[in-house]
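Structure, as structure tokens:
The values are calculated or read from the model by the stated rules, or taken from the named source; none is laboratory data. Since the model is a prediction, treat every value here as computed from it, not as a measurement. Every residue, glycine as well, gets a Cβ built from its backbone with ideal geometry; the counts of neighbours run over all protein chains shown.
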Amino acid sequence: MSFPTLARWRTWLCQLPRFSTGPGEVSLAGTIANSDGTGGHGMRVFGQWALVYVVAGTCVYRDERGTVEEVGPGSWIMVFPEMAHAYRSRPGERWDEIYVCFRGPVFEAWRQAGCFDPSKPTGRWLPPAKGVKAFENFFRQIQRKDCSALQAACLWQNLLAEIVGEPRESAVNREDWLRKALDFLEHSEPGADADTLRQAASTCGMGYESFRKKFGSAVGMPPGRYLLTRRVERARRLLTLESFTNEEIAQMLGFHDEFHFSKTFSRLTGASPREFRKQVRVG
């Protein structure tokens, strides 16, 4: 299938390289004509990263942080994996979009470096006439037969850097307490979440409530949800290995039992552990 032209926009699905379990991957990409957004009336948690570039029309973006932004042609929306959000057209209206869904630890590193700011989930890029050409070139490259999933992820990072721009100085020069907190949480034992968070606060020289508020403001989610998101990301990696059962993974990562693990995994990723394993085998 060929990429649609700006004058004749249509819904189109990009053929991607095979599934990757490496540091990052582009999981889904394409175009949508006459989109009405996330659908329904409530907010959703998508479970992976996504960037939506608006080609024509307008929509209204909202998220759990209280952000409300009108997004028009040439603008983009950044979807965070764990952040509840919604974007919809106004009554009687539709818009055209390009979307790229992506996931993996390399993009979490982008967040920690300040490239993705949860307080600013929308922004402007090139006007559609130029932006569409840039995306068309990207899609052409990742559809080559010799393009691997890792190469596709690298090509996407190049385009993503152009779209979101350089991180602000204040985001790059992270405060020392936040570096300590992220390092402590990354190397903490699974399961003891309440004690772990209080220990993290103590390590940073803060009371728990003060730490929770500052962490949420800086990272875009409470520290408890950050821990849970990291556990689910580790579960994704373990599920790609046939040597571990769901029950064993639940025990390794500190979930109460297999049911608790499956329910949490489904809520944050949109697929059950069984469905995820099936996706890996198909890939």
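For residue 184, state whether it is surrounded by 16 or more Cβ atoms within 10 Å (Cβ to Cβ), at pLDDT 80 or above and either part of a loop (DSSP other than H, G, I, E, B) or of a type in the set (Ser, Thr, Tyr) (or both).
Numbers: surrounded by 16 or more Cβ atoms within 10 Å (Cβ to Cβ): yes; at pLDDT 80 or above: yes; either part of a loop (DSSP other than H, G, I, E, B) or of a type in the set (Ser, Thr, Tyr) (or both): no.
Criteria not met by residue 184.
Mind listing just one residue for me: the one in segment 231-250 that is in a helix (DSSP H, G or I), more than 15 Å from residue 267 (Cβ to Cβ) and charged (D, E, K, R) and, of those, modelled with the lowest pLDDT? Working first, answer last.
Of segment 231-250, the ones in a helix (DSSP H, G or I) are 231-239, 246-250.
Filter once more, keeping what is more than 15 Å from residue 267 (Cβ to Cβ): 234, 237-239, 246-249.
Then drop every residue that is not charged (D, E, K, R), which leaves 234, 237, 247-248.
On the way: 234: 82, 237: 79, 247: 90, 248: 89.
So, considering only residues that are in a helix (DSSP H, G or I), more than 15 Å from residue 267 (Cβ to Cβ) and charged (D, E, K, R), the one modelled with the lowest pLDDT is 237.
Do you know which of the residues in segment 191-212 that are surrounded by fewer than 13 Cβ atoms within 10 Å (Cβ to Cβ) and not hydrophobic (A, V, I, L, M, F, W, C) is nearest to residue 261 (Cα to Cα)?
It comes out as 195.
Can you name the residue in segment 229-252 that is touching a helix residue (DSSP H, G or I) at 6+ places or on another chain (Cβ under 8 Å) and among the aliphatic types (A, V, I, L, M) and, of all such residues, is nearest to residue 82 (Cα to Cα)?
By that ranking, first place goes to 232.
Out of segment 234-270, which residues are in contact (Cβ under 8 Å) with a residue 40 or more places away in the chain and farther than 15 Å from residue 188 by Cα?
The answer is 236, 237, 239, 240, 267, 268, 269, 270.
Look at segment 127-149 and say how many of its residues are closer than 19 Å to residue 104 by Cα and in contact with an Asp or Glu (Cβ under 8 Å, 6 or more places away or on another chain). Even if it seems obvious, please write down each step before you answer.
Of segment 127-149, the ones closer than 19 Å to residue 104 by Cα are 142, 147-149.
Of the ones still in play, those that are also in contact with an Asp or Glu (Cβ under 8 Å, 6 or more places away or on another chain) are 149.
Here the count works out to 1.
Residues that are touching a residue at least 60 places away in the same chain (Cβ under 8 Å) and either over 20 Å from residue 275 (Cα atoms) or out of contact with any Leu (no Cβ under 7 Å at 6 or more places or on another chain) (or both): does segment 194-213 have at least one? Steps first, answer last, please.
If we filter segment 194-213 for residues that are touching a residue at least 60 places away in the same chain (Cβ under 8 Å), which is where we start, we get none.
Within segment 194-213, not a single residue is touching a residue at least 60 places away in the same chain (Cβ under 8 Å) and either over 20 Å from residue 275 (Cα atoms) or out of contact with any Leu (no Cβ under 7 Å at 6 or more places or on another chain) (or both).
Which of the residues belonging to segment 201-230 are in a helix (DSSP H, G or I), of a type in the set (A, V, I, L, M) and more than 15 Å from residue 112 (Cβ to Cβ)? Before you say what the answer is, go through the steps one by one.
At the first step, the residues of segment 201-230 found to be in a helix (DSSP H, G or I) are 201-203, 208-219, 223-230.
Checking which are of a type in the set (A, V, I, L, M) leaves us with 201, 218-219, 227-228.
Across segment 201-230, the qualifying residues are 201, 228.
Within segment 257-283, how many residues turn out to be closer than 25 Å to residue 18 by Cα, modelled with pLDDT of 85 or more and in a loop (DSSP other than H, G, I, E, B)?
The total comes to 1.
Given (1) modelled with pLDDT of 85 or more; (2) on the phi > 0 side of the Ramachandran plot, where does residue 254 come up short, assuming only one miss?
Here residue 254 clears every test but (1).
Would you mind telling me which numbered condition in (1) in contact with a Phe, Trp or Tyr (Cβ under 7 Å, 6 or more places away or on another chain); (2) under 28 Å from residue 180 (Cβ atoms); (3) charged (D, E, K, R); (4) surrounded by fewer than 20 Cβ atoms within 10 Å (Cβ to Cβ) residue 103 fails?
The one condition residue 103 does not meet is (4).
Is at least one residue of segment 97-107 at pLDDT 90 or above, over 30 Å from residue 217 (Cβ atoms) and aromatic (Phe, Trp, Tyr)?
Taking every residue of segment 97-107 in turn, none turns out to be at pLDDT 90 or above, over 30 Å from residue 217 (Cβ atoms) and aromatic (Phe, Trp, Tyr).
Take residue 153 and decide whether it is within 25 Å of residue 228 (Cα to Cα), part of a helix (DSSP H, G or I) and not hydroxyl-bearing (Ser, Thr, Tyr).
Numbers: within 25 Å of residue 228 (Cα to Cα): yes; part of a helix (DSSP H, G or I): yes; not hydroxyl-bearing (Ser, Thr, Tyr): yes.
In short, yes.
Within segment 116-140, restricting attention to residues that are part of a helix (DSSP H, G or I) and small (Gly, Ala, Ser), which residue is surrounded by the most Cβ atoms within 10 Å (Cβ to Cβ)?
Pass one, segment 116-140, residues part of a helix (DSSP H, G or I): 128-140.
Add one more test, that the residue is small (Gly, Ala, Ser), and what stays is 129, 131, 134.
Numbers: 129: 11, 131: 22, 134: 16.
This residue is 131.
Within segment 128-135, identify whether any single residue is closer than 15 Å to residue 76 by Cβ and in contact with a Pro (Cβ under 6 Å, 6 or more places away or on another chain), and answer yes or no.
Taking segment 128-135 first, the residues closer than 15 Å to residue 76 by Cβ are 128, 130-132, 134-135.
Subset that is in contact with a Pro (Cβ under 6 Å, 6 or more places away or on another chain): 128.
Yes: segment 128-135 contains one or more residues that are closer than 15 Å to residue 76 by Cβ and in contact with a Pro (Cβ under 6 Å, 6 or more places away or on another chain).
Taking into account only those residues within segment 62-95 that are closer than 27 Å to residue 133 by Cβ and touching a residue at least 60 places away in the same chain (Cβ under 8 Å), which is nearest to the chain's Cα centre (by Cα)?
Of segment 62-95, the ones closer than 27 Å to residue 133 by Cβ are 69-79, 87, 89, 93-95.
Still in the running and touching a residue at least 60 places away in the same chain (Cβ under 8 Å): 76, 78, 94-95.
Working: 76: 14, 78: 8, 94: 24, 95: 22 Å.
Checking each candidate, the answer is 78.
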